[in-house]
Structure formats: C-alpha cells, structure tokens
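Down below is the structure, laid out as structure tokens.
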Amino acid sequence: MVRRFELWQIRFMTSQLTRQLHRIVCIAAMTIWLAWGWPVIREIMNGGMIRGYPASPLWLVPYALYGAAVLAALALKLRPALLWTLLCVELAAVAAMAIILPWAGMSQYLVIIAWQVGMAATPGRALAWAGFQTLVVVSALAQALDPDLCWVIAKSFALQLLLVFTAQALRREAETARALAQTNRELRAAQAIIANNVRDAERLRISRELHDAWGHELTALGLQLEIASHVTGPGRANDHVVQAKGLASALLGKVRDVVAALREVER
C-alpha cells in the first residue's frame, strides 16, 4: 500500500509539474511575441524606421497571425495534423514578417516554434525542422542589401537547438512517467491475479485434505453410531458410543489445527 501511494504521488507530482511548465511556456511565448513586436508597432504608429528599414503597417498582418497561431498551438490540445498545420502557419508568418521588415530580430520568433516542434516530434525530425526554418528566414532576409545573416545563423540557431534539446528532455521525462504509471497498473493487476490464484490453490488443497483426512474418520464415526443404534445390549452399545466420542474428539482437534493454520496464514 505504501509503495502504491508513493508511485501515485510521483505520477501526480510529475503531472502537476508538466502542466505548470506548460503554463509558463505559454506565458513566456506570448511575452516574447509582445515584447519583440512592440518596437516595430511603436515605429509603425510613429511612421519611423527599424534598422534603416521603414516600418510598414502590413507587418501587423503576419504578426497578428503568428500570435494567434502560437496561442492556439500552445493553449489547445490539438491533433498532430492540425498542430503541424499551425506550425507551418507560424513559420510562414515569420517569413512574411522578415520579408516586409528585413530585420534579423525576426528570427527570435523561430525559438518559440522550435520549442513546440521539440515537444511534438522526434529528435531527428525536430533538428531537421530547426535547420529548415532557419534557412527559410535566411532566404527571406537575403532580399535586403545588408542583412545580418550571421546573427540569424549563429545566435538564433543556437537558441533553437537549446530549446529543442530542452523540450526533448522534458518529453522523455513525461513519457517515462506515463510508462511508470502504466507499469504500476499492470503490476497491480498481475498481483490481484496471482493473489486469486493462490487463494484458489489453497482452497483446493484444503478441500482435498478435508476429503482425504476427515472423510474416512467421519465415515467411521457414522458407522459406529449406526452400529450403536442397532445393538440391543447396553454394554456393546456403550463401547461403540465411546469409540464414536473418540473419533469426534480427534476430528475436533483437527478442525482446530486447520483453523489455527488459516489464521496464521491470514496474519
């Protein structure tokens, strides 16, 4: 019982930590989306420029689409096909933002996508996606005369790898917790089956012993009583009654021995 409670407690704590971490990631992702987009929004409202490029209001369209897709992908439980569709929408939105405003800072949004891919895909597929989306943004920024591609390739890609590996570690931890819970359920089911089999085997053994050991003595007791009931002489009848009493006492002693043994097994 103590071991079962410990396993339940571990599973409950792991589930709680996973949900708490998911909430933190959602808040962090939306914070990055707002914080990194605010300078551009401010320059759009003031009619200014970002790194020498005009801040076009068209940039707000893919920016809003990206935020909505990230929020839906992180906050909702979606089927894999729909989740990957949203990831493609997020990547397309980042590429559109980089085309409208060729600023290397747009690659920061790839980090959020990398986290989602790390939680949803295998290690090889997640790394391939990180490299693919980096190439997509690099291609979008390559239209500018002096793009800061080194910043994108080095720093942004390194951050993506960090988030992918972290997400993979957390995913393995969650899968291990689920496997442990499943194993615990299977062990408890097997334990119940084994206990039932042991009880059935013990009952069968006791029934055989009762039949083999007590059956003969009960038969003899019945014969002695039957003979005593048909004997006319008082002395002879008394002899058979004495023998029947001896058999009954012996049977009573065996019953007590069996009951004591069963109580010891229960303890």
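The values are calculated or read from the model by the stated rules, or taken from the named source; none is laboratory data. In this text the structure is predicted, and so the values were computed from the model without any measurement. Note: ideal-geometry Cβ built from the backbone for every residue, glycine included; neighbour counts use all protein chains shown. What goes into the accessible areas is simple: the full protein's heavy atoms, side chains included, and nothing from ligands, DNA or RNA. Shrake-Rupley method; radii C 1.70, N 1.55, O 1.52, S 1.80 Å.
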Positions within the stretch 78-96 being among the β-branched types (V, I, T) and open to solvent by less than 10 Å² (accessible area, probe 1.4 Å), in sequence order: V94
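Yes/no matrix, rows are residues, columns are (1) in contact with a Gly (Cβ under 9 Å, 6 or more places away or on another chain); (2) at pLDDT below 80; (3) surrounded by 15 or more Cβ atoms within 10 Å (Cβ to Cβ); (4) in a helix (DSSP H, G or I):
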site: A130; (1), (2), (3), (4): yes, no, yes, yes
site: L135; (1), (2), (3), (4): no, no, no, yes
site: P147; (1), (2), (3), (4): no, yes, yes, no
site: C150; (1), (2), (3), (4): no, yes, no, yes
site: V164; (1), (2), (3), (4): yes, no, yes, yes
site: Q168; (1), (2), (3), (4): yes, no, yes, yes
site: R178; (1), (2), (3), (4): no, yes, no, yes
site: R199; (1), (2), (3), (4): no, yes, no, yes
Does V70 satisfy the condition of being open to solvent by less than 10 Å² (accessible area, probe 1.4 Å), over 21 Å from L21 (Cα atoms) and either at pLDDT below 95 or touching a strand residue (DSSP E or B) at 6+ places or on another chain (Cβ under 8 Å) (or both)? no
Given the conditions (1) out of contact with any helix residue (DSSP H, G or I) (no Cβ under 7 Å at 6 or more places or on another chain); (2) open to solvent by 60 Å² or more (accessible area, probe 1.4 Å); (3) farther than 30 Å from E175 by Cβ, which single one is not true for I99? (1)
Of the residues in the stretch 110-128, how many are part of a helix (DSSP H, G or I) and open to solvent by 40 Å² or more (accessible area, probe 1.4 Å)? 6
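Any idea which residue in the stretch 41-67 is farthest from A28 (Cα to Cα), counting only those that are assigned to a helix (DSSP H, G or I) and open to solvent by 60 Å² or more (accessible area, probe 1.4 Å)?
N46
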Is there a residue in the stretch 181-193 that is at pLDDT below 75, out of contact with any helix residue (DSSP H, G or I) (no Cβ under 7 Å at 6 or more places or on another chain) and either open to solvent by less than 50 Å² (accessible area, probe 1.4 Å) or closer than 30 Å to A126 by Cβ (or both)? no
